[in-house]
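Everything on this sheet refers to the single structure shown next.
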Amino acid sequence: MSSDAATQLSYLDEGAGPRAWLLTTDHKRVAWLYLVSLTAFFFLGGAFAVLMRLELATPGGDLVSDDVYNRLFSLHGIIMVWFFLVPSIPATLGNFLLPLMIGARDLAFPRLNLASWYVFVFGSLFALFSVLAGGVDTGWTFYTPLSTLYANGFVSTAAMGVFIVGFSSIMTGINFIVTVHTLRAPGLTWFRLPIFVWTIYATALVMVLATPVLAASLILIVLERVFGIGIFNPDLGGDPLLFQHLFWFYSHPAVYIMILPGMGVVSEVLPCFSRRPLFGYKAVALSSMAIAVFGFLVWGHHMFVSGQSAYAGVIFSFLSFCVAIPSAIKVFNWSLTLRKGEITFEAPMLYALFFLALFTFGGLAGLFLAALAVDVHVHDTYFVVAHFHYIMVGGMVTAYMAGLHFWWPKMTGRMYSETWGRIAAAATFIGFNLTFFPQFVLGFLGMPRRYHTYPPEFQFWHVLSSAGAVVLAAGYLMPLFYLGWSLFRGARAPDNPWGATGLEWQTASPPPPHNFERMPRVSRPPYAYAMKGLKHERFSPHKETTGETAA
Amino acid sequence: MSFGIPFAPGEASSSAGSVDTLFYALLGFTGALGGFLTLLVVGYAVKYRAGSGANRTGERGRSLPLEIGWTLASLVIAFAIFGWGATLFVRRDHPPADALQIAGLGKQWMWEFRHPGGQREIDELHVPVGKPVVVSLASQDVIHSFFVPAFRVKQDAVPGRTTHVWFTATEPGRYHLFCAEYCGTQHSEMGGWVDVLPPEQYAAWLSGQGEGETLAAAGEKLFRALGCSGCHGASSKVRAPPLDNVYGRPVALANRSTVIADERYLRDSILQPAKEVAAGYEPVMPSFDGLVDEAELQMLLAYLKSLSPQGPPNNEAIR
């Protein structure tokens, strides 16, 4: 331990009572508030998924009734998308790291940050109410007129929950944008920003621009459902496809809200454990922005067989292939980063490599879906389910786990068990592939999604998938225990256990309340991993790492 | 070789082959690229693991020619796949002029088809082999989707508009018909079979439909004579619950409970319609108590039961 760290108080020492946590405006503590809430939602949504997979182990409906099954997948989707994936990395790691990475004392609007969490909690109460009161059976997509005229669950309540949580996203987005623009340390130019900051910035832009459209669509649903105003209902002069256009205008960019921050995390982790600069840094940074822009132009690829015109389909297909390019560029850059490195395989690196594999295969599956004629066959089948789980779970959740392990020493001042970390990473990788790869085959065979029962010839692949879900669940439960244990009993972490270059590693672990004892100045590009004397740098907090020097 | 494990759906339409060619081409390409990247990353991870003796001189943080190269290559390949997929896709809009026209109606939770000659079938669609068929799709309630995996076709049926799907079946047989768009409680039960018949068998099937008057048929006549069809019919202006496939299945009620539509429920609904009103409908139906006798009621029930040709679904939760 450095003598500095021993004498100075960290942000964790600033009061332990509920008041000190619930009224904090410290971005690091708000990150923990989010982390705890999101973990709860992740396991709630995960439990629904496990129940679904158990039901699907047999072709008949033997475990739960059709109405219960429909509620399971609806709530699984609603919770995982809006109450876990969208806020996951931005609200936890992003909140904690953004000021640290740019050398700021806090976010631009600390109170707005805390308010965003309260708004999140308020919205989540609506969602939890609709779960407890009897559920929602519209799917997470709330397609009309099913959601407005025919659904008998608590649709309005759930939609209100999603609506309110959207404001939490908008608040976070505005805060991040202003912070990146105004609070960068001296010398920290745009092209010296870590990619994590770039992706969080791109995500924030999408959050601010897309979420209001979702809010508008959900309000229109509630207006139609409660007051009978015809917007989407053809009997009242409305158009059901209008809802799909509005919904996907938000929800496709939301896919990028859900993956960009994950790309940011692995862009930090891969260089660190390869001891190499990120290959093609500028291309990776700019492709994040390209994804954010193109992401707004491809919503119609969810609607190729919906009844929209064939020509609209052709244009949306073309734009979808365009958005594939920046993602491909990133994959090539990440792969080349490993070249001529000094690679070690700690848990964050394992997770990052698994991200690379799963994101690549999920993305390649996206080519099938963007290709119009093939999409007609696999649309609304398990092929789509497999594709987006490869991106959202194999990609985003794996990256989230990589980031959580990577920055855990910084956040807590404790090391986690490396052995258990590696076992959990391997378990999620094996469990994930066993769960979702068979679903590609199922989708090609024609198994529609959201089916409570299915023809018996599909059972073989469903059994594999259900077995994988059990392994996957174990892989996600393990960190709950060994990270929890580490919180109280883990070895003290040095300031920079991985010998990483970011500004966040130049302050104490855990950081002091205002992040830096002396405000840093930046004079180097990011990822300036030197090639010599590497082994001495790790686990030695006293040594200057490379790059930035404190003034 | 596959030990009874299915790996690919059968090809039974004129477009299935060309869609599969694209699918397998994509599978080959993505498999090759994914395999190459996997080998590359695993190779690097092994070769450049910490402490290995690999030569690390000449490392670079960027390479402009390489980056431009793979960006251009990605563009070319992406646009080629786009063009291939789009070319096949626009054929969906151009069915052959001599196609057989069949009307399909989706409703919670069944498919109803009407042939040109007036033959009507539920959850079953008979088509001749080798002849193009256009199914014009409508929906009575929510969005459904007509999906026949063996034909590689899918099209949503959207309330308030008509959509079309066409195919030419190439292999006689019996193929799954699914509803692919989530449509509520019994979404997974909504479907049936497409029966592809040789032309002569198809002609025989057409002529064999609807001869003689059964109890159900008498009930249907009564159903019309009493004016039931004026509201419960598919083309009615008054919104009343459709009665197809109601028998034996759960019905959501306005008071948020659910009942199974057994004989009791059907009988009570005719005689005391205000007692258990289906969710989403106004309680406007008059009571037929005293207007129909028991025998007539039996005929009506037989007719209503005939609207659920499969009987109660095979669903443990209902029993």
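None of the figures in this text is laboratory data; all of them are computed from the coordinates on show. Keep in mind that this is a model prediction, so the values were computed, not measured. Because the Cβ atoms are built from the backbone with ideal geometry, glycine has one as well, and the counts that use them run over all protein chains shown.
Output the residues belonging to the range A:259-316 that are buried (at least 24 other Cβ atoms within 10 Å of the Cβ), of a type in the set (V, I, T) and within 24 Å of B:R60 (Cα to Cα).
Correct list: A:V265, A:V266, A:V269.
Just a yes or no: is a residue in the range B:262-276 among the small types (G, A, S), farther than 18 Å from B:Q108 by Cβ and in a helix (DSSP H, G or I)?
Of the range B:262-276, the ones among the small types (G, A, S) are B:269, B:274.
Then keep just the ones that are farther than 18 Å from B:Q108 by Cβ; that gives B:274.
Keeping just the survivors that are in a helix (DSSP H, G or I) gives none.
Among the residues of the range B:262-276, not one is among the small types (G, A, S), farther than 18 Å from B:Q108 by Cβ and in a helix (DSSP H, G or I), which makes the answer no.
If the requirement is being under 12 Å from the mean Cα position of the chain (by Cα) and farther than 27 Å from A:A373 by Cβ, which of these qualifies: B:D123, B:D156, B:D141?
On the way: B:D156 fails: farther than 27 Å from A:A373 by Cβ; B:D141 fails: under 12 Å from the mean Cα position of the chain (by Cα).
Checking each option against the conditions leaves just B:D123.
Could you please tell me which pairs satisfy a Cβ distance under 6 Å, a separation of 6+ or placement on different chains, a first residue in the range A:470-490 that is in contact (Cβ under 8 Å) with a residue 24 or more places away in the chain, and a second residue that is surrounded by fewer than 19 Cβ atoms within 10 Å (Cβ to Cβ) and among the aromatic types (F, W, Y)?
Close Cβ pairs (under 6 Å, with a partner that is surrounded by fewer than 19 Cβ atoms within 10 Å (Cβ to Cβ) and among the aromatic types (F, W, Y)) amount to A:Y482/A:W420.
Quick check on the range B:65-88. Is at least one of its residues assigned to a loop (DSSP other than H, G, I, E, B) and either surrounded by 19 or more Cβ atoms within 10 Å (Cβ to Cβ) or more than 8 Å from chain A (Cβ to nearest Cβ) (or both)?
no
When the residues of the range A:335-389 are filtered to those that are under 15 Å from A:L442 (Cα atoms) and charged (D, E, K, R), which remaining residue is farthest from the other protein chains (Cβ to nearest Cβ)?
Filtering first and then ranking leaves A:D375.
Of the residues B:I270, B:I260, which is surrounded by fewer than 18 Cβ atoms within 10 Å (Cβ to Cβ), in contact (Cβ under 8 Å) with a residue 12 or more places away in the chain and closer than 21 Å to B:P309 by Cα?
B:I260
Just checking, which of B:F7, B:F36 is surrounded by fewer than 15 Cβ atoms within 10 Å (Cβ to Cβ), assigned to a loop (DSSP other than H, G, I, E, B) and either more than 7 Å from chain A (Cβ to nearest Cβ) or not hydroxyl-bearing (S, T, Y) (or both)?
On inspection, the qualifying residue turns out to be B:F7.
List the residue pairs whose Cβ atoms are under 6 Å apart, where the first residue sits in the range A:432-451 and is over 15 Å from A:F368 (Cα atoms), the second is aliphatic (A, V, I, L, M), and the two are 6 or more positions apart or on different chains.
Taking only residues 6 or more apart or on different chains, the pairs are A:F432/A:L472; A:T435/A:A469; A:T435/A:L472; A:F436/A:A386; A:P438/A:L464; A:P448/B:A180; A:R449/A:V385.
Given the criteria acidic (D, E) and more than 25 Å from the chain's Cα centre (by Cα), does A:E457 qualify? Lay out the reasoning, then the answer.
Values: acidic (D, E): yes; more than 25 Å from the chain's Cα centre (by Cα): yes.
In short, yes.
Quick one: which of A:F321, A:F359 is within 30 Å of B:S145 (Cα to Cα), more than 22 Å from the chain's Cα centre (by Cα) and not in a loop (DSSP other than H, G, I, E, B)?
The match here is A:F321.
Would you confirm whether or not the range A:499-520 contains a residue that is part of a strand (DSSP E or B), surrounded by 15 or more Cβ atoms within 10 Å (Cβ to Cβ) and more than 14 Å from chain B (Cβ to nearest Cβ)?
Within the range A:499-520, one or more residues are part of a strand (DSSP E or B), surrounded by 15 or more Cβ atoms within 10 Å (Cβ to Cβ) and more than 14 Å from chain B (Cβ to nearest Cβ).
May I ask you to verify whether A:R111 is within 14 Å of another protein chain (Cβ to nearest Cβ), of a type in the set (D, E, K, R) and either buried (at least 19 other Cβ atoms within 10 Å of the Cβ) or more than 19 Å from the chain's Cα centre (by Cα) (or both)?
Answer is no for this residue.
Out of (1) more than 7 Å from chain A (Cβ to nearest Cβ); (2) under 38 Å from the mean Cα position of the chain (by Cα), what's the single condition that is false for B:L26?
Of everything listed in (1) more than 7 Å from chain A (Cβ to nearest Cβ); (2) under 38 Å from the mean Cα position of the chain (by Cα), B:L26 misses just condition (1).
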